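Below is one structure, written out as structure tokens; the observations come after it.
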Amino acid sequence: MAGQIHAAADLGAWCYGANGMFFHSTADHQEQLRVFLQIGNVLQAAWQDRDQNPHILEDPMEIHWISEWCTDKGLLILLGPFLLKNVTTEALMNRLGRMSLSLQTKRQYLGVMESIPVMSYEQAAQYAALLHFTLYDDEYERDRILLERTGTADEEEETQQTVKNDYARMAEMEAVMLDDLKSGTFDTEELRAKGYQGELQHFGLSDDLREAKDNLIIFCALCARAVLEAGVSLQTAKLLENRYICRIERAEQTADIGEIMRAMYGEFLDHVKVLQEDSGLSQEVRRVREYIRHHYMEPLELSQLTKQVGYSEYYLTRKFARETGEKLSDYILEIRISAAKRQLLTTQKDIQRISEELQFGSRSYFDRVFRNKVGMTPAQYRQRGIDRETQAEH
Amino acid sequence: MKLKQNIDMAKFIACVKKCRADVYYHSTEGDSLNLKSTLSQYIFTAAAAGSNFLAGGRVDCEDEKDYAVLADFVEEG
């Protein structure tokens, strides 16, 4: 009978001895399902039902089993597992989406869950009656077979635990990222080791996009405060904060939010790094560098820069080179290349558009300058970033 | 604490259920599971069949006294 049921309904048959010893099963994923039987209290419930009646048992995860005690042979027979409603992969993923899980672990769990067949209650009752007939040669009325629950997973408790877990993780990630901002360092390996995957957490409100925006706006304000503490000027911190809040509000889908977050964090971090590099420079040169960092997306004329400090072009370029060790034009290029790298990795903008926005003029000039500075073309640089991210996921 | 190799998964989870406070499992892959949650127990069980999930994983008890309950399954490290 076990073979027939397995062939007809993909339903495994399980046999346990009187002393609780496991004898045999025809099911797939036996190793995991045997543990499911125990942690879901199914085995314990089945042992108690020694009444020569078939039972349909539902565990806390709504996985079902048919059980009946065979008095003559002192054996417990189970058929299962099966589900009484079709649980889609999407529904399972949604449930897992709030948890801190790697892709590999999600795949393992989905692999087991998706192997469990789905059937109607009527069909399940039919198999239960068939099992009873096989064991006792007695026809059992299907209407008499009732569903028994072996326990319930408290949804609210599950959600609270998950959210508590997520809050703790999010708070830890935030603390690490804000400390990194203040110190001007960023350790991606450390964040990855702690399970951070560059996404924002969601806490079950009805509007996911609004929730993601609110989360990021709060994080943006925290970043602005952190860079202020690191010594970045109030004007710069507020300018960045306002610019990114506008960008967050303009986002049309949640997928954009992660992209904006990475760009935002990178830019806040760059300002702290630059501040550290600027220490030891004269006030005039610092002011020119800060002006360039704020206006690198505009055409920058030397005459504009001299207005910032009141020096002649000749004097400013010499003073700048003397203090920083590089030409003013090289510094502008460096800032634009740095912005280009950030945009290539954190946005899906067309390379031509990046080139135009950063005032490189033609795409061929942008390619040439980028290759000279970085050692590869913008397209190669973007592809390398994608490859690294894919490797990290696996 | 590190999780020992080749543990009896059902007995381990039965002991976790006896713990007074939350018990977390952190895998080297970045998973973080609160083993007091029913869903997490099922995920933990399903994932344990994966080659790397249990290797090098850590068990953290919120209440220090719970390590005694799990003494047969964890070791210093």
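Summary of computed values
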quantity: Count of the stretch B:36-66 residues which are part of a loop (DSSP other than H, G, I, E, B), within 11 Å of another protein chain (Cβ to nearest Cβ) and without any contact (Cβ under 8 Å) to a residue 24 or more places away in the chain; calculated: 5
quantity: Hits in the stretch A:40-51 - residues which are at pLDDT 85 or above and touching a Ser or Thr at 6+ places or on another chain (Cβ under 7 Å); calculated: A:G40, A:N41, A:V42, A:A45, A:A46
quantity: All helices (runs of 4 or more DSSP H) inside the stretch A:245-346 with 1 or more residues being of a type in the set (S, T, N, Q) and free of Cβ contacts under 8 Å to residues at least 40 places away in the same chain; calculated: A:283-295, A:302-309, A:313-324, A:328-346
quantity: Test: residue in the stretch A:293-300 that is surrounded by 15 or more Cβ atoms within 10 Å (Cβ to Cβ) and in contact with a Gly (Cβ under 6 Å, 6 or more places away or on another chain); calculated: no
quantity: Matching residues in the stretch A:26-48 - criterion: being in contact (Cβ under 8 Å) with a residue 60 or more places away in the chain, under 13 Å from A:L76 (Cβ atoms) and surrounded by fewer than 23 Cβ atoms within 10 Å (Cβ to Cβ); calculated: A:Q44, A:A45
quantity: Residue in the stretch B:45-65 that is closer than 21 Å to A:V112 by Cβ and among the hydroxyl-bearing types (S, T, Y) present; calculated: yes
quantity: Pairs, first closer than 30 Å to B:Y25 by Cβ in the stretch A:105-133, second crowded, with 18+ Cβ neighbours inside 10 Å and among the acidic types (D, E), C-beta under 9 Å, six or more apart; calculated: A:T105/B:E29; A:T105/B:D31
quantity: Matching residues in the stretch B:10-26 - criterion: being over 15 Å from A:N41 (Cβ atoms) and either surrounded by fewer than 21 Cβ atoms within 10 Å (Cβ to Cβ) or at the interface with chain A (Cβ under 7 Å from one of its Cβ atoms) (or both); calculated: B:C15, B:C19, B:R20, B:A21, B:D22, B:Y24, B:H26
quantity: Matching residues, the stretch A:128-152, being assigned to a helix (DSSP H, G or I), in contact with a helix residue (DSSP H, G or I) (Cβ under 7 Å, 6 or more places away or on another chain) and at pLDDT 85 or above; calculated: A:A129
quantity: Number of positions in the stretch A:63-110 that are at pLDDT below 80 and more than 9 Å from every other protein chain (Cβ to nearest Cβ); calculated: 12
quantity: Search result, residues across the stretch A:30-53 that are at the interface with chain B (Cβ under 10 Å from one of its Cβ atoms) and out of contact with any strand residue (DSSP E or B) (no Cβ under 9 Å at 6 or more places or on another chain); calculated: A:E31, A:Q32, A:V35, A:Q38, A:I39
quantity: Given (1) surrounded by fewer than 16 Cβ atoms within 10 Å (Cβ to Cβ); (2) under 14 Å from B:A46 (Cβ atoms); (3) of a type in the set (S, T, Y), number of the condition A:S102 does not satisfy; calculated: (1)
quantity: Lone unmet requirement of (1) more than 21 Å from A:L345 (Cα to Cα); (2) at pLDDT below 85 for A:D214; calculated: (2)
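The values are calculated or read from the model by the stated rules, or taken from the named source; none is laboratory data. On a predicted model such as this, the values are computed, not experimentally measured, just so you know. Virtual Cβ from ideal backbone geometry, glycine too; neighbours counted across all protein chains shown.
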